[in-house]
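A.B. asks: Below are the structure tokens for one structure; questions will follow.
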Amino acid sequence: MNMYTIVLIAILVTMVLAVVRALRGPSVYDRVLAVNMFGTKTVLFLSVVAFLSGRRDFLDLALTYALINFVGVLAILVFVQRRFSVASSAKSED
Amino acid sequence: MTILFAVFLLSLLVIIAVAIIRAENLFVALMLTTIFSLLMATNFFILDAADVALTEAAIGAGITTVIFLGALALTSEHEKPFVAVPWLALPVVAVTAALLIFASFDNPRLGDPEAPIHQHVVPWYLEQTPKLVDIPNVVTAILGSFRAFDTLGEVFVIFAACIGVLFLLSARKPSETRCTAPASVGLSQHLIPKVAGRFILPFIILFGFYVQFHGDFGPGGGFQAGAIVATGLILFALLEGEERALRAFPRWIMMAMAAGGALLYALVGVAGIAMGGKFLDYSVLSSDPIAGQHLGILLIEAGVGITVCGSLLLIFHAFAARESF
Amino acid sequence: MNQVLDVLSWVLLSCGGFFILVGGIGALRMPSFYTRMHAASVTDTMASFLVIGGLILQAGWSLATVKLVAIILFLMLTSPTSSYAVANAALLSGMKPDTKFKANKGGRES
Amino acid sequence: MELLGYYNYWVFAVVLCLGLYTVITRNNLIKKLLGLSIFQSAVFLLYITMDKVDGGTAPIIQKGVSDPIFSNPLPQVLILTAIVVGVSTTALGLAIVVRIKESYGSIEEDDILARDSEL
């Protein structure tokens with residue numbers, strides 16, 4: 001049993017846990033949290049697989065995710081903030 | 001071992017797809033779509049398609065989410081509860097699935113080297129790439145040189161889709177007192193994302209350029225690089241707000257990029273004709289055919305990257321600038 | 001020397017695997033949103049640090065090491081930032097942290 | 001083990017039909033677009049499944065590796081461009097949905113049809 005495989009299995013199990021959290025909710029933000037977790041796990045998964053398969057030049061992929069993944073989460077914050085401010089300004093107009 | 005991982009990830013994919021369909025809140029469905037895209041990228045990577053996985057990574061995690069969020073902000077995020085029993089749709093879909101699964105037994109199994117797809121033109125590509133084009137990444141060689149005409153079409157499709165979005169969303173709304181929604185300030189009041197984002201932004205752009213120019217040697221190329229650079233500039237718009245982003249990087253530059261990249265691509269093709277070859281034949285661009293190929297691929301990849309970056313940015317700003325009412 | 005590095009990297013990798021699992025279980029089992037986020041994000045940074053550290057020891061001096069160091073740096077920076085963003089979004093939308101400590105309700109988590 | 005070689009095709013079939021089902025049955029236009037992108041992803045999966053060769057690696061020629069087995073680069077080229085084209089066409093669809101919302105006040109298909117029949 002290769003050491004990489006053990007780490008991969010741990011990552012995969014955690015991916016399943018994150019998916020369960022994403023499916024169960026209960027709130028929307030639990031799901032966002034699960035997505036964020038899943039993204040980090042994907043970065044780790046891809047880097048370990050790059051080592052397992054012996055193609056280390058493919059770490060670019062993990063790097064892409066590490067850089068880009070949080071743009072989506074920041075967009076969610078902007079989205080929530082914008083909706084919130086629209087709602088509060090509509091309230092103040094009433 | 002890897003095949004077991006693949007089976008596992010594919011099963012997760014099906015579960016997530018079911019969950020997307022069942023989610024009644026579109027925001028939740030969108031979150032699940034992000035997980036779906038991450039899973040797709042991992043599967044592509046396991047199936048040896050590094051370039052495709054990189055594309056999915058560059059598009060799926062950032063840009064898709066951002067564009068869908070922009071559309072959700074302009075519409076509504078709640079789906080009406082689903083009441084009608086799909087008595088016709090269910091059997092139709094079930095029969096289609098059953099037929100596809102039945103037909104799958106005639107397909108070559110996964111990884112069969114004798115499969116017809118590996119027999120025709122592909123061995124020729126793999127053999128001739130070192131001789132004719134001489135770059136290590138065969139995917140880039142096919143994309144940029146052997147099937148450059150194909151790629152030209154794809155670039156123009158992206159350009160056309162971008163023009164369509166601009167047509168639909170740039171028009172003023174008819175007859176209405178626009179409610180003065182507070183101008184989007186972005187995250188300028190949040191210190192932590194601002195500092196971290198400003199730190200990471202140059203690295204995203206730099207990495208985009210690395211992917212652009214390293215595409216001949218490793219996974220990467222114009223499509224991925226354009227998406228990554230666009231994501232970086234979208235991050236800037238998220239951090240600083242619409243107004244400042246458009247002041248720093250005005251719309252006319254994006255339009256020039258979207259049009260100029262496609263134009264550059266086509267001009268390289270025309271240059272091939274002018275110098276005595278065929279359309280998109282790069283061998284005549286330089287006295288040495290291989291150097292000509294390198295030059296041609298460099299130029300058209302640059303064209304692809306510029307167009308993709310400009311188009312995606314224009315699409316993002318078209319959604320973000322249109323205020324909801 | 002190589003043996004030592006190998007053993008060290010295995011230790012780091014298995015610790016990383018352990019922390020990954022802990023974070024996953026915490027995100028699943030904790031009672032409220034903010035506690036779940038705490039479990040997930042704290043172990044996330046730790047676990048990725050350990051796993052990538054183990055891989056760096058395996059990689060030796062090469063381009064791969066540079067990329068791995070970059071991955072660690074970016075994860076260390078982006079992962080807390082996105083935790084901040086998620087928590088802030090939840091707070092903005094009116095989800096209040098549960099400040100009262102509920103002792104032994106239902107007898108599940110003590 | 002033999003049957004596992006077909007698992008990808010089954011997943012393709014199921015995911016494709018899930019996407020199709022969403023497009024047919026759901027009234028919400030954005031949900032339809034999500035279904036369409038699931039459908040699209042299933043097709044991507046089919047193409048990429050076909051590129052795999054046993055013992056192969058991604059088609060990037062490495063120095064010092066003699067007689068390498070490469071997976072098929074052609075489907076990869078097709079899908080690579082299709083992903084980027086897919087996101088731009090989805091954006092076009094979303095733009096149309098936004099305009100529909102602005103003139104009908106709803107993105108549910110039955111509401112829109114009801115509004116149309118009123119006219």
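Readers should treat all values here as calculations from the given coordinates under stated rules, not as data from a laboratory. These numbers were taken from a predicted model, which means no experiment stands behind them. So basically every Cβ, Gly included, is an ideal-geometry build from the backbone, and we count neighbours across all protein chains shown.
A.B. asks: Determine the shielding of peptide B:15-23 by partner chains: average, over its residues, the number of Cβ atoms on other chains within 10 angstrom of each Cβ.
C.D. replies: 6
A.B. asks: Percent relative contact order of chain B, based on C-alpha pairs within less than 8 angstrom and at least six residues apart?
C.D. replies: 20 percent
A.B. asks: Assigning unit charges at the beta carbon (Lys, Arg +1; Asp, Glu -1) and nothing else, what dipole magnitude in debye, to the nearest 20, does region D:47-111 show about its Cα centre?
C.D. replies: The dipole magnitude comes to about 440 debye.
A.B. asks: Let me ask something else about it. At 7 Å along Cα-to-Cβ for each site, give me the label-to-label distance between C:M46 and B:E114 in nm.
C.D. replies: About 5.4 nm separates the two model spin labels.
A.B. asks: Also, quick follow-up: Using the alpha-carbon centroid of each, what span in Å lies between region D:1-69 and region A:11-36?
C.D. replies: What the calculation gives is 23 Å, centre to centre.
A.B. asks: Run the dipole for region B:1-81 about the Cα centre, Lys and Arg Cβ at +1, Asp and Glu Cβ at -1, nothing else charged, and hand back the magnitude in debye, nearest 20.
C.D. replies: Taking the Cα centre of region B:1-81 as origin, the dipole is about 160 debye.
A.B. asks: With charges set only on the Cβ (+1 for Lys and Arg, -1 for Asp and Glu), what does the dipole of chain B come to about its Cα centre, in debye to the nearest 20?
C.D. replies: 1020 debye
A.B. asks: Turning to a different aspect of this structure: Long-range amide H contacts for D:N28: which residues qualify at under 5 Å (H placed 1.01 Å from N, peptide plane, sequence gap of 5 or more or a different chain)?
C.D. replies: Those qualifying (amide H under 5 Å, at least 5 residues apart or on another chain) are D:E109.
A.B. asks: Another question about this same structure. Which of B:L90, B:L110, B:L264 ends up with the largest GNM mean-square fluctuation for chain B, with Cα atoms connected below 10 Å?
C.D. replies: Sorting by GNM fluctuation, first place goes to B:L90.
A.B. asks: May I ask you to derive the FRET efficiency for A:S53 and B:A291 from their Cβ-Cβ distance with R0 = 30 Å, giving the value to the nearest 0.05?
C.D. replies: E(calc), rounded to 0.05, equals 0.35.
A.B. asks: Give the calculated FRET efficiency between B:F149 and B:L88 to the nearest 0.05, with a Förster radius of 30 Å applied to their Cβ-Cβ distance.
C.D. replies: E(calc), rounded to 0.05, equals 0.10.
A.B. asks: By the scheme Lys and Arg +1, Asp and Glu -1, what is the net charge of all other residues having a beta-carbon under 10 Å from that of B:H214?
C.D. replies: Counting the neighbours of B:H214, the net charge comes to -3.
A.B. asks: If I require 18 Å or longer along the helix axis, counting alpha carbons, and a Kyte-Doolittle average no lower than 1.6, what helices from chain A are left? Use full DSSP H segments.
C.D. replies: Helices meeting the span and hydropathy rule in chain A are A:3-24.
A.B. asks: With respect to the cross-link table entries D:K31/D:K101; A:K41/D:K52; B:K131/D:K63, which display a Cα-Cα separation exceeding 18 Å?
C.D. replies: From the list (D:K31/D:K101; A:K41/D:K52; B:K131/D:K63), the Cα-Cα distance tops 18 Å for A:K41/D:K52.
A.B. asks: Per DSSP helix of 4 or more residues, -39500 (n - 2.57); summed, then divided by the residues of chain B. What does that give at 222 nm, rounded to the nearest 500?
C.D. replies: -22500 deg cm²/dmol
A.B. asks: To continue, here is another question. In Å and whole numbers, how far do the C-alpha atoms of chain A stretch along each principal axis, longest first?
C.D. replies: 66, 29, 11
A.B. asks: Run the helix sum for chain D: -39,500 (n - 2.57) per DSSP H stretch of 4+ residues, divided by residue count, reported at 222 nm to the nearest 500 deg cm²/dmol.
C.D. replies: -24000 deg cm²/dmol
A.B. asks: Please identify the longest segment of chain B free of exposed trypsin sites (Lys or Arg not before Pro), where exposed means a DSSP state other than H, G, I, E or B and no more than 13 other Cβ atoms within 10 Å.
C.D. replies: Within chain B, the longest run free of exposed trypsin sites (Lys or Arg not before Pro) spans B:1-171.
A.B. asks: How many Cβ atoms of partner chains, on average, are near each residue of D:102-115 if near means within 10 Å of its Cβ?
C.D. replies: For this peptide, the per-residue mean of nearby foreign Cβ atoms is 2.
A.B. asks: On to the next question. For chain C, modelled as a Gaussian network with Cα springs under 10 Å, which listed residue fluctuates most, C:F49, C:F33, C:F19?
C.D. replies: Taking springs between Cα atoms under 10 Å, the residue moving most is C:F33.
A.B. asks: When the helix-only estimate is applied to chain C (DSSP H runs of n ≥ 4, each -39,500 (n - 2.57), divided by the residue count), what is the mean residue ellipticity at 222 nm, nearest 500 deg cm²/dmol?
C.D. replies: Mean residue ellipticity, 222 nm, calculated: -28000 deg cm²/dmol.
A.B. asks: Continuing with this model, one more query. Regarding chain D, what whole-number volume in Å³ per residue does the convex hull of its Cα atoms give?
C.D. replies: Once divided by residue count, the hull of chain D is 105 Å³.
A.B. asks: Starting from 0 in steps of 5 Å, tell me what percent of the Cα-Cα pairs of region C:2-92 lands in each bin.
C.D. replies: 3, 15, 19, 20, 17, 11, 8, 5, 2, 1, 0
A.B. asks: Below 14 Å, Cα to Cα, which aspartates and glutamates can B:K194 reach? Residues fewer than 8 away in the same chain don't count.
C.D. replies: The qualifying aspartates and glutamates are B:E240.
A.B. asks: Which of the peptides A:2-10, C:77-85 is most tightly packed, and how do the rest follow, going by the mean number of other Cβ atoms within 10 Å of each residue?
C.D. replies: Result, highest mean first: C:77-85, A:2-10.
A.B. asks: Can you divide the C-alpha Rg of chain B by 2.2 N^0.38 Å and report the result to two decimal places?
C.D. replies: 1.15
A.B. asks: For an R0 of 35 angstrom, estimate the FRET efficiency from the Cβ-Cβ distance between D:D67 and A:T5 and round to the nearest 0.05.
C.D. replies: Calculated transfer efficiency: 0.80.
A.B. asks: Can you check what the net charge comes to around C:I25, using other residues whose Cβ is under 11 Å from the Cβ of C:I25 (Lys, Arg +1; Asp, Glu -1)?
C.D. replies: Taking every Cβ under 11 Å from that of C:I25, the sum is +3.
A.B. asks: Oh, and also: Which helices of chain B meet both criteria: a Cα extent of 18 Å or more along the helical axis and a mean Kyte-Doolittle score no lower than -0.5, with helices taken as whole DSSP H segments?
C.D. replies: Membrane-span-like by this criterion, though nothing is claimed about a membrane: B:2-22, B:26-46, B:89-104, B:148-170, B:191-213, B:222-240, B:251-274, B:289-321.
A.B. asks: A further question follows. Would you tally the net charge around B:H78, using a Cβ to Cβ cut-off of less than 12 Å, leaving B:H78 out, and scoring K and R as +1, D and E as -1?
C.D. replies: So the surrounding residues net to -2.
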